[in-house]
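Colleague: Take this structure, written in structure tokens, and hold onto it; I'll ask about it next.
The values are calculated or read from the model by the stated rules, or taken from the named source; none is laboratory data. For clarity, every value in this text was computed on a predicted model and none was experimentally measured. Here the Cβ positions follow ideal geometry from the backbone for every residue, glycine too, while neighbour counts run over all protein chains shown.
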Amino acid sequence: MTTLNVSATLPETPADTQATSERRLSPSRLMVLRFCANRGAVAGLIIVLLFIAVSLLAPVIAPYDPLKQDYMAAFQGPSWAHWLGTDSFGRDMLTRILYGARISFVVGFASVSIAMVIGVAIGLAAGYYGGLVEAVLMRIVDGLLSFTPLVLAIALIAVLGLGLQNVILALAATFAGMFARVTRGDVLNIKGEPYVEAAQLLGVGGAGVMFRHLLPNVLSPIIVQFGLNLAVAILLESGLSFLGLGVPPPEPDLGLMIAEGRGFIVMAPWISGFPGLALVIIIVGLNLFGDGLRDALDPKAQIS
Amino acid sequence: MLQFAFKRLQHTLILLFIISVFVFFIMKLAPGDPVTVMLGSDYNPESYARLRTELGLDRSIFIQYGIWISRFVTGDWGYSYISGAKVSKLILQDALPVTLFLSLWSLVFALVLALPSGILAALKRNTWVDYTGMGLAIFFNSFPSFYLGIVLIWIFGVSLGWFPTMGYVSPWSDPVGSITHMMLPAFTLGAWYAGLIARITRSSLVDVLNQPFIKVAKAKGVDSRAVVYKHALRNVLIPVVTIVGLQLGGMLRGAVMTETVFALPGIGRLVTIAVLNREYQLVQASVMVIAIMFIFINLGVDMLYRFLNPRMRAA
């Protein structure tokens with residue numbers, strides 16, 4: 001773990017040391033230190049980075065082709081040839097899990113990123129302009145948030161159809177509202193600050209004020225939201241695929257693999273078991289990371 | 001309070017209008033012509049034109065919305081193409097009771113598991129009790145309900161044979177059977193919720209125990225048990241009720257998965273099958289019903305929150 005290492009004049013009491021050292025560090029450095037001091041958060045980050053690395057390297061390190069069927073090898077338990085066994089089509093489970101984690105991360109990052117761009121733009125505009133713009137935009141956001149995420153995603157999938165792209169779009173729509181609400185709340189808090197007024201008096205236009213002056217000052221809660229939503233997005237994606245409403249077979253998707261193994265739970269529990277375990281580890285990692293990020297960026301916030 | 005209730009109700013009505021517009025337009029994007037689908041083999045140009053006029057599909061989009069929403073409000077939600085049954089019956093009479101029964105049991109499970117462990121973890125802060133409890137809470141909070149369901153079926157249903165793994169039994173026809181059938185699904189759905197509630201209970205109680213009024217009570221010589229149960233817990237109630245309420249929506253999400261895993265004929269399973277079968281009327285009505293339920297749950301939580309927190313009442 002990194003410790004606070006501040007030299008110069010030594011204050012008298014330990015409490016002073018803490019206060020002085022926190023004052024001397026730049027906010028971003030302080031955030032990194034706070035994050036690193038949180039063992040759970042670091043563990044979460046390591047888990048997530050590890051999974052991202054192996055899923056990116058899947059084409060290189062995976063021992064088999066994720067789609068190649070081999071009926072002679074079907075339903076094999078874990079062995080040296082197939083570390084995590086094979087599924088009902090004789091496909092290597094380890095290979096499919098590596099590629100499956102890849103889909104999870106792609107959908108997670110893509111959907112939450114799109115949601116962030118749209119949501120933050122809506123939140124900035126609503127908070128900055130106020131009045132009718134705010135009323136209309138925020139009522140739309142309220143409407144979006146009144147569907148629970150999965151239900152909105154299901155409704156959108158119903159009309160868009162199945163497939164990776166549509167899942168990403170549906171999830172992006174469900175998360176955009178949360179980003180908008182968080183951004184608007186913070187913009188309202190800082191809108192009256194002197195530096196914002198100064199920028200306006202200098203003749204900076206609406207977009208300039210919003211993106212150059214307001215956005216950098218509301219970034220922390222947006223980043224926190226990003227971290228927390230990643231886990232939810234990956235969970236929702238695998239859930240949709242599990243229901244048959246996400247990525248269609250034969251793609252190696254974790255949710256889909258869990259669903260495919262359901263029928264063989266007695267004779268071949270590893271077919272559902274290992275993809276599920278991988279998903280749990282990814283989600284635990286993301287949750288620990290997200291919680292740590294929140295604590296580091298916004299120490300006042302409680303679990304909420 | 002009454003004024004607040006009125007204002008909140010007004011807000012709710014606006015929300016209901018917005019979600020109805022959303023649902024209407026989302027379903028307008030659906031591929032395929034509903035008239036052709038509804039006519040099926042009876043299709044000919046005359047019947048097509050007749051049904052189109054009958055449904056108001058030849059009018060402007062705003063009038064179409066008006067026709068749809070007035071039908072929805074009066075309970076005329078159309079018919080399922082596949083079973084031929086009334087959509088309103090499928091949702092309100094058949095599916096909704098199953099989902100509500102499941103949610104209720106899960107909530108009971110979650111509270112029974114979470115409140116004691118959250119309180120214990122807070123009182124034994126930074127001991128192995130705390131670490132174990134919170135470790136389990138994070139673990140269950142991260143466990144996808146569909147995966148937990150499969151694991152539970154494997155252990156308690158198939159290997160040990162303690163509980164039935166599939167299907168729904170109505171509590172009116174067989175009370176005991178209905179509970180044994182609900183054990184695994186309710187645990188599956190409740191576990192996620194329990195993890196969340198336990199964490200909130202712990203962190204709020206830790207916060208409250210550090211407040212000056214607790215120190216005063218202790219300094220006065222109040223029994224430490226009474227300090228926790230009389231002074232501290234009352235203040236923990238507010239954040240816990242808020243989270244319990246706000247996350248009921250999350251429970252609905254879990255219910256969709258849980259119903260599929262355990263083959264429970266609830267609203268989640270209904271809407272999933274409807275999407276797969278492209279029964280848009282059924283999807284439309286189900287989504288509306290779920291969203292309306294969610295809005296009213298939030299309204300209820302908001303009211304309860306004001307009631308529990310006197311400071312909010314004045315505001």
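Colleague: Is it the case, given these coordinates, that B:ILE155 is within 14 Å of another protein chain (Cβ to nearest Cβ), crowded, with 21+ Cβ neighbours inside 10 Å and more than 20 Å from the chain's Cα centre (by Cα)?
Modeller: So B:ILE155 does not fit the description; no.
Colleague: Report the residue count in the stretch A:201-222 for those that are within 24 Å of A:ASP295 (Cβ to Cβ), among the aliphatic types (A, V, I, L, M) and surrounded by 17 or more Cβ atoms within 10 Å (Cβ to Cβ). Reasoning before the result, please.
Modeller: So the first thing to find is which residues in the stretch A:201-222 are within 24 Å of A:ASP295 (Cβ to Cβ), and the list is A:215-222.
After this cut, where a residue has to be among the aliphatic types (A, V, I, L, M) as well, the list is A:215, A:218-219, A:222.
Now narrow it down to the ones that are surrounded by 17 or more Cβ atoms within 10 Å (Cβ to Cβ): A:215, A:218, A:222.
Total meeting the criteria: 3.
Colleague: Filter the helices (runs of 4 or more DSSP H) completely within the stretch B:138-240 down to those with at least 1 residues that are closer than 26 Å to B:ALA95 by Cβ and of a type outside the set (D, E, K, R).
Modeller: B:145-152, B:175-209
Colleague: On to the next question. Can you tell which of B:LEU13, B:LEU9 is at pLDDT 85 or above, within 14 Å of another protein chain (Cβ to nearest Cβ) and loosely packed, with under 13 Cβ neighbours inside 10 Å?
Modeller: Of B:LEU13, B:LEU9, the one residue that is at pLDDT 85 or above, within 14 Å of another protein chain (Cβ to nearest Cβ) and loosely packed, with under 13 Cβ neighbours inside 10 Å is B:LEU13.
Colleague: Any residue that is in contact (Cβ under 8 Å) with a residue 24 or more places away in the chain, part of a loop (DSSP other than H, G, I, E, B), buried (at least 20 other Cβ atoms within 10 Å of the Cβ) and not acidic (Asp, Glu) - is there at least one of those in the stretch A:252-259?
Modeller: Yes, that holds for at least one residue.
Colleague: Restricting to the stretch B:218-241, give me the number of residues that are on the phi > 0 side of the Ramachandran plot and surrounded by 12 or more Cβ atoms within 10 Å (Cβ to Cβ).
Modeller: Residues meeting the conditions: 0.
Colleague: For the stretch B:102-125, name all the residues that are over 16 Å from B:VAL244 (Cβ atoms) and surrounded by fewer than 22 Cβ atoms within 10 Å (Cβ to Cβ).
Modeller: Matches in the stretch B:102-125: B:LEU120, B:LEU123, B:LYS124, B:ARG125.
Colleague: Kindly provide the set of residues from the stretch B:158-191 that are facing another protein chain (nearest Cβ under 10 Å) and in contact with a Gly (Cβ under 6 Å, 6 or more places away or on another chain), ordered by number. Spell out the reasoning first.
Modeller: The first filter runs over the stretch B:158-191 and keeps only residues facing another protein chain (nearest Cβ under 10 Å), leaving B:158-159, B:165.
Residue satisfying the conditions is B:THR165 alone.
Colleague: Moving on to the next point. Looking at A:PHE289 and the list (1) within 11 Å of chain B (Cβ to nearest Cβ); (2) surrounded by 24 or more Cβ atoms within 10 Å (Cβ to Cβ), which single condition is not satisfied?
Modeller: All conditions are met except number (1).
Colleague: Among the residues in the stretch A:240-250, are any away from chain B (no Cβ under 14 Å), under 20 Å from the mean Cα position of the chain (by Cα) and under 28 Å from B:ALA274 (Cα atoms)?
Modeller: yes
Colleague: Name the helices (runs of 4 or more DSSP H) wholly within the stretch A:99-194 that hold at least 3 residues that are within 14 Å of chain B (Cβ to nearest Cβ) and touching a residue at least 60 places away in the same chain (Cβ under 8 Å)?
Modeller: A:149-160, A:164-190
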